[in-house]
Amino acid sequence: MGGLPLRGWRVLPLPLDDVTSAAEALRAQPAGPARAVAGPAFARAVFDLSGAGDLFLSTDGLGKGVAWLNGFCLGRYWSRGPQRTLYVPGPVTRKEGNELIILELGATTSGTLRFVPGPDLGHTET
């Protein structure tokens, strides 16, 4: 850095095919109000749904990372887009106790996420 070699650091791989251990650690933390996240960090939200069906998770306000719902990987997101939503298949959801886990690598601008009625794929060629 600055023309000098960096020394004394390690790279630790983080397997993302199963976030069970991260979810368990987050469940052990006391619940608090929604707040912005500065990453890299995992965050958790629990919510209920009134109806069944496919959903679209808006990634507006998120930086760069990965999202899981009830252990199912919804995909990666990045504020640079172009995609601004993640598809949530209906069979992945349940009526009560849905658990959303995100791994935010950058930072969020808000502590609140929302579902939107349709996909936002950003600029597409016509």
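Where a number appears in this text, it was derived from the coordinates with a stated rule and is not lab data. In this text, all values refer to a predicted model and were calculated from it rather than measured experimentally. Reconstructed Cβ throughout: ideal geometry from the backbone, glycine too, with neighbour counts over all protein chains shown.
Restricting attention to segment 51-74, the residues that are within 21 Å of Ala107 (Cβ to Cβ) and either free of Cβ contacts under 8 Å to residues at least 60 places away in the same chain or of a type in the set (Phe, Trp, Tyr) (or both) add up to 12.
For segment 50-83, what are the residues that are aliphatic (A, V, I, L, M) and crowded, with 16+ Cβ neighbours inside 10 Å? Scanning segment 50-83 gives Leu55, Leu57, Leu62, Val66, Ala67, Leu69, Leu74.
Quick check on Leu86: is it within 20 Å of Ala31 (Cα to Cα), buried (at least 17 other Cβ atoms within 10 Å of the Cβ) and out of contact with any Asp or Glu (no Cβ under 7 Å at 6 or more places or on another chain)? So Leu86 does not fit the description; no.
Which members of segment 30-41 meet the condition of being closer than 15 Å to Thr112 by Cα and free of Cβ contacts under 8 Å to residues at least 60 places away in the same chain? Result: Ala31, Gly32.
Filtering Arg7, Arg27, Arg44 for residues that are out of contact with any Ser or Thr (no Cβ under 8 Å at 6 or more places or on another chain), of a type outside the set (Gly, Ala, Ser), closer than 16 Å to Ser110 by Cβ and free of Cβ contacts under 8 Å to residues at least 60 places away in the same chain leaves a single hit, Arg44.
Does segment 1-29 hold any residues that are among the charged types (D, E, K, R), assigned to a helix (DSSP H, G or I) and surrounded by 10 or more Cβ atoms within 10 Å (Cβ to Cβ), and which are they? Within segment 1-29, just Arg27 meets the criteria.
Six or more apart or on different chains, Cβ under 7 Å: which pairs go from a residue in segment 75-87 that's under 12 Å from Lys64 (Cα atoms) to one that's assigned to a strand (DSSP E or B) and among the β-branched types (Val, Ile, Thr)? Could you list them? The qualifying pairs are Arg76/Val66.
Can Gly90 be described as among the small types (Gly, Ala, Ser) and on the phi > 0 side of the Ramachandran plot? Reasoning before the result, please.
Numbers: among the small types (Gly, Ala, Ser): yes; on the phi > 0 side of the Ramachandran plot: no.
No, not satisfied.
The conditions are (1) farther than 16 Å from Asp18 by Cβ; (2) in contact with a Lys or Arg (Cβ under 9 Å, 6 or more places away or on another chain), and Tyr87 fails exactly one of them. Which is it? Among (1) farther than 16 Å from Asp18 by Cβ; (2) in contact with a Lys or Arg (Cβ under 9 Å, 6 or more places away or on another chain), Tyr87 violates only (2). Looking across segment 89-117 at every residue that is touching a strand residue (DSSP E or B) at 6+ places or on another chain (Cβ under 6 Å) and assigned to a loop (DSSP other than H, G, I, E, B), the one that is surrounded by the fewest Cβ atoms within 10 Å (Cβ to Cβ) is identified as Arg114. One residue stands out among those in segment 30-41 that are of a type outside the set (A, V, I, L, M) and surrounded by 13 or more Cβ atoms within 10 Å (Cβ to Cβ): the one that is farthest from Gly111 (Cα to Cα), which is Pro40.
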